[in-house]
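Before any comments, here is the structure.
The values are calculated or read from the model by the stated rules, or taken from the named source; none is laboratory data. Since this is a predicted model, take the numbers as computed values, not measurements. All Cβ positions, glycine included, derive from the backbone under ideal geometry; neighbour counts span all protein chains shown. To get the accessible areas, we keep the full protein, side chains included, count just its heavy atoms, and leave off ligands, DNA and RNA. Shrake-Rupley method; radii C 1.70, N 1.55, O 1.52, S 1.80 Å.
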Amino acid sequence: MTADVNKTDGPGATPHAGPEAIKAVPVRHPGRYVSAAVALALLCAIVYAFAQGDINWGAIPDYFFDDRIMHGVWNTLLLTVLSMVIGIVGGITLAVMRLSKNPVTSSLAWFYIWFFRGTPVLVQLFVWFNLGLVFEYINLGPIYKDYWASFMTPLLTALLGLGLNEAAYMSEICRAGLLSVDEGQTEASHALGMSQAKTLRRIVIPQAMRVIVPPTGNEVINMLKTTSLVSAVQFADLFKEAKDIGQNSGSPVEMYFLAAAWYLIMTSVLSVGQYYVERHYARGSVRSLPPTPLQRLKTAVLPSRRPKGVPA
């Protein structure tokens, strides 16, 4: 049976009224409109200023796919990859040394990190590039001997300056990842008879990757932009090629814009790759993986059909 809302308690009593509907009044945020208007006004002012400036915008598409620019893009990507390989390998080695119970190796790793993190990259590049003023030859005995100026090419200078500096930063990232793995994992692997090296390779490092990968992706993107410093040691990267074209064509600012556009393209591609790598290593640590950009697009276009694995 259902209760009658109009039922009275007695003669002359008024009927029971239902609960009064709540009138929801939306909260107003005038500050949002003001900040949005100010931001749009500043954006319009910047666009108008550049539109009125003496800029030869046509020079940018003319040189965008120039052979020298493409050569600089290739050298920038190559230098980024090689420097990060040196940095990652060196970082893992330094992290293991820092965590070692041997005071000598631990102290050496600490000193390396302290020195390279405490000096600017540009200074390190100039030091490597000008060591020919200190050493006339490089003599490795029967293996290799040559003049230092011939040995220390711009590419080698860039690799040493960027790679060794990156190793100092990657060591701290790797050390944090290794420390994030519970000590019980190491103790259990040792109880099963695994050596320390085998424990690191098969047990600790795979679990530490979830912590190591996200900041490493940021380091790759940062390395791509840091490669612009190697133009100071005459390495033909994207920035140097664009700068040389700008000086010869009389459009230096336009070529800087062109270089900036290429850096934005490359960092955007790397950011997408970083997202998928982080998503891959997030498996097992979250109940459901975050949706990919394609899945988000499908959800926005077809709201009634949710991608597989995406929570409602």
> Measuring from the lowest to the highest alpha carbon on each principal axis, how far does the range 137-192 reach, largest first, in angstroms?
Replying inline: 53, 26, 12
> Where the Cα atoms of the range 193-236 are projected onto their three principal axes, how long is each span, largest first, in whole Å?
Replying inline: 53, 20, 10
> How many Å² of accessible area per residue for the chain, probe 1.4 Å?
Replying inline: 66
> Given labels modelled 7 Å from the Cα in the Cβ direction, how far is it in nm from Gln234 to Glu183?
Replying inline: 5.4
> For the pair Lys101 and Trp57, how long in nm is the line joining their label points, each one 7 Å along Cα→Cβ?
Replying inline: 6.8
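In Å³ and rounded to a whole number, note down the convex hull volume per residue for the Cα atoms of the range 76-132. Before the final figure, lay out each step's value.
Working: hull volume 5.4 nm³, N = 57.
Expressed per residue, the convex hull around the Cα atoms of the range 76-132 is 94 Å³.
Starting from the Kirkwood radius over alpha-carbon pairs of the range 111-248, derive D by Stokes-Einstein at 20 °C in a medium of 1.002 mPa s and give it in µm² s⁻¹.
Values: Rh = 18.0 Å.
Estimated via Stokes-Einstein, D reaches 119 µm²/s.
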>> Just the number: Rg to Rh for the chain, Cα atoms, Kirkwood Rh, two decimals.
In response: 1.19
> So what is the calculated 222 nm ellipticity per residue for the chain, using -39500 (n - 2.57) for each DSSP H run with n of 4 or more, over all residues, to the nearest 500 deg cm²/dmol?
Replying inline: -21000 deg cm²/dmol
> Principal axis lengths of the range 76-191 from Cα atoms, whole Å, largest first?
Replying inline: 53, 33, 24
> Where does the charge balance sit around Lys225 when Lys and Arg score +1, Asp and Glu -1, over other residues with C-beta under 14 Å from its C-beta?
Replying inline: -3
> Residue by residue, what Karplus-based ³J(HN,Hα) values in Hz, rounded to whole numbers, does the range 216-226 have, using 6.51, -1.76 and 1.60 with θ = phi - 60° and x for Gly and Pro?
Replying inline: 5, x, 5, 5, 5, 5, 5, 5, 4, 6, 5
>> Explain nothing, just compute: Karplus ³J(HN,Hα) = 6.51 cos²θ - 1.76 cosθ + 1.60, θ = phi - 60°, for every residue of the range 206-214 in order, whole Hz, x for Gly and Pro.
In response: x, 6, 6, 4, 4, 8, 7, 5, x
> From the backbone phi of the range 244-254, what are the Karplus-calculated ³J(HN,Hα) couplings (6.51 cos²θ - 1.76 cosθ + 1.60, θ = phi - 60°) in whole Hz, Gly and Pro given as x?
Replying inline: 5, 5, x, 5, 7, 8, x, 10, x, 5, 4
>> Highest mean first, how do 71-84, 162-175, 140-153, 27-40 rank when packing is the count of other Cβ atoms within 10 Å averaged over residues?
In response: 162-175, 71-84, 140-153, 27-40
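Extension gain Glu136-Phe151, at 0.36 nm per residue separation less the Cα-Cα distance, in nm? Please list the in-between numbers first.
Details: separation 15, 0.36 × 15 = 5.40 nm, distance 1.04 nm.
Going from the current span to full extension adds 4.4 nm.
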>> Averaging over every viewing direction, what projected area does the convex hull of the Cα atoms of the range 203-261 cover, in nm²?
In response: 5.3
